[in-house]
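The values are calculated or read from the model by the stated rules, or taken from the named source; none is laboratory data. Note that the structure is a prediction, hence the values are computed from the model and not measured. Ideal geometry is used to build each Cβ from the backbone, glycine not excepted, and the neighbour counts take in all protein chains shown. SASA here: full protein model, heavy atoms, side chains in, ligands and nucleic acids out. Shrake-Rupley method; radii C 1.70, N 1.55, O 1.52, S 1.80 Å.
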Amino acid sequence: MTPALWALLSPFAGWAVLRVTGWEPKFRWSQLVSFTPYAAAGSLVPLAFALAVRNRPATLAALVVGGMLASVVLPRAVPQGVPETDGQPLRVMTANVLRGSVPAEALIGAVERNRPDVLTLQEFTPYLAARLEEAGLGTLLPYHLEQLGTAIYSRLPLRPGIGFDADQWQHVGGVLTLPDGSEVDIVGVHACAPSAGWLAGCWAQSIQVLPPARPAKRPRVLAGDFNSTLDHAVLRELIATGYQDAASVTGKGLAMTWPYNGRSVLIPKVAIDHVLASEGVAVRAFETLALPRTDHRATVTDLVLRRGA
């Protein structure tokens with residue numbers, strides 16, 4: 001029983017060490033590390049066996065391994081409290097529309113129900129753009145920026161902002177002007193997927209080209225499909241520049257956003273769609289919602305631009 005018990009514990013121990021150290025040795029690990037919340041839950045199995053057979057060394061080892069995994073997963077499920085702050089509210093909605101598959105009527109219905117100030121779309125297509133225009137999205141969100149299939153629609157005045165190489169990156173940057181005259185950088189994000197071959201390098205670089213939270217002339221909000229979870233070192237490094245992940249701040253960090261379609265029913269869900277807000281922006285609420293014909297959950301985030309930020 002003892003060799004089998006240690007064999008059961010070993011994969012979880014290796015996982016915990018790699019995750020805590022932040023070392024991502026191969027692109028396959030960059031995919032696997034997304035499932036760290038499931039590994040944390042699974043680490044209870046060797047602990048239960050060790051307790052059942054009363055193996056003290058294995059029990060202590062299992063407690064350490066489980067504690068390491070819990071320490072990186074559980075904080076994102078604990079709300080940090082809604083800050084008491086005055087300022088301009090900003091509601092941000094983001095959705096990956098799966099190569100323009102979401103019906104225009106469904107998307108506009110979601111906009112009408114949730115009333116975002118800003119909508120960022122990924123895998124946006126000219127066909128969907130035309131359908132949305134015909135259906136009246138321009139009446140609800142009259143300002144628009146787009147680059148390589150990523151779009152920003154806004155109810156508030158929007159002008160081009162932070163620039164990205166239009167031949168390489170599917171990010172688009174803008175500057176929003178709020179009713180009180182204050183401004184905020186908004187970036188619609190669509191990172192590469194951490195897949196095989198050259199895409200593995202594209203994935204990391206597509207996160208690294210995103211602007212840090214500081215130094216900056218104005219507060220910043222990054223919203224979209226990062227193709228990264230909070231268990232990826234490259235995303236944590238970006239957040240460490242001064243961002244806060246809206247889902248984690250509100251205790252919704254384990255709200256999974258992908259994949260949700262029939263072909264992916266056996267794949268564990270992960271959280272790869274994020275809204276990151278810089279320190280000049282308070283996070284009030286974060287929710288996910290389903291849209292038809294896409295494998296992503298959309299997100300709706302309530303922010304407040306602090307006065308004097």
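Charges only on Cβ, +1 for Lys and Arg, -1 for Asp and Glu: so what's the dipole of the chain about the Cα centre, in debye to the nearest 20?
Dipole about the Cα centre, nearest 20: 860 debye.
Secondary structure note: in the chain, about 80% of the DSSP beta bridges are antiparallel. Measuring nothing but alpha carbons in segment 177-250 and taking Rh as the Kirkwood radius, the Rg to Rh ratio lands at 1.02.
Using just its DSSP H runs of length 4 or more, each adding -39500 (n - 2.57), the chain gives a mean residue ellipticity at 222 nm of -10000 deg cm²/dmol after division by all residues.
Mind checking the angle between helix 44-53 and the chain's longest principal axis? C-alpha axes, 0 to 90 degrees, to the nearest 10. Tilt relative to the chain: about 20 degrees.
Look at where the Cα atoms of segment 71-123 and of segment 1-42 average out, and the two centres are 31 Å apart.
With Cβ to Cβ distances under 14 Å as the rule, what net charge do the other residues near Gly81 carry (K, R +1; D, E -1)?
Residues near Gly81 contribute +1 overall.
Only protein heavy atoms count here; under a 1.4 Å probe, Ile162 has an accessible surface of about 40 Å². If you model the chain as an ellipsoid using its alpha carbon gyration tensor, with each semi-axis the square root of five times an eigenvalue, the axes come out at 37, 21, 18 Å, biggest first. Ordering Leu8, Leu266, Pro194 by Cα displacement along the dipole of the chain toward the positive end leaves Leu8 in first place; charges were set at the Cβ atoms of Lys, Arg (+1) and Asp, Glu (-1). Roughly how far apart, in whole Å, are the Cα centres of segment 216-243 and segment 167-183? Using only Cα atoms, the two centres lie 16 Å from each other. Averaged over residues, the count of other Cβ atoms within 10 Å places the peptides 244-253, 61-70 in the sequence 244-253, 61-70, highest first. So what is log10(I(q)/I(0)) for segment 1-44 at q = 0.21, 0.27 1/Å, when the Debye sum runs over its Cα atoms only? Taking Cα atoms of segment 1-44 as identical point scatterers yields -0.70, -0.98.
Given 10 °C and 1.306 mPa s, compute D for segment 21-137 with the Stokes-Einstein relation, Rh being the Kirkwood radius over Cα pairs; round to the nearest whole µm²/s.
84 µm²/s
Ranking of Ser43, Ser101 by solvent-accessible surface, largest first: Ser101, Ser43 (1.4 Å probe, protein heavy atoms only, all chains present).
Summarised in one figure, the compactness ratio Rg/Rh of segment 131-260, Cα atoms and Kirkwood Rh, is 0.97. If each Cα of segment 262-309 is one equal point scatterer, what is log10 of I(q)/I(0) from the Debye formula at q = 0.18, 0.32 Å⁻¹? Debye curve over Cα of segment 262-309, log10 I(q)/I(0) at q = 0.18, 0.32 Å⁻¹: -0.68, -1.25. Computed across segment 217-283, the Kirkwood radius stands at 12.7 Å (inverse of mean 1/r, all Cα pairs). The residues of the chain have, on average, 45 Å² of accessible surface per residue, using a 1.4 Å probe with all protein chains present.
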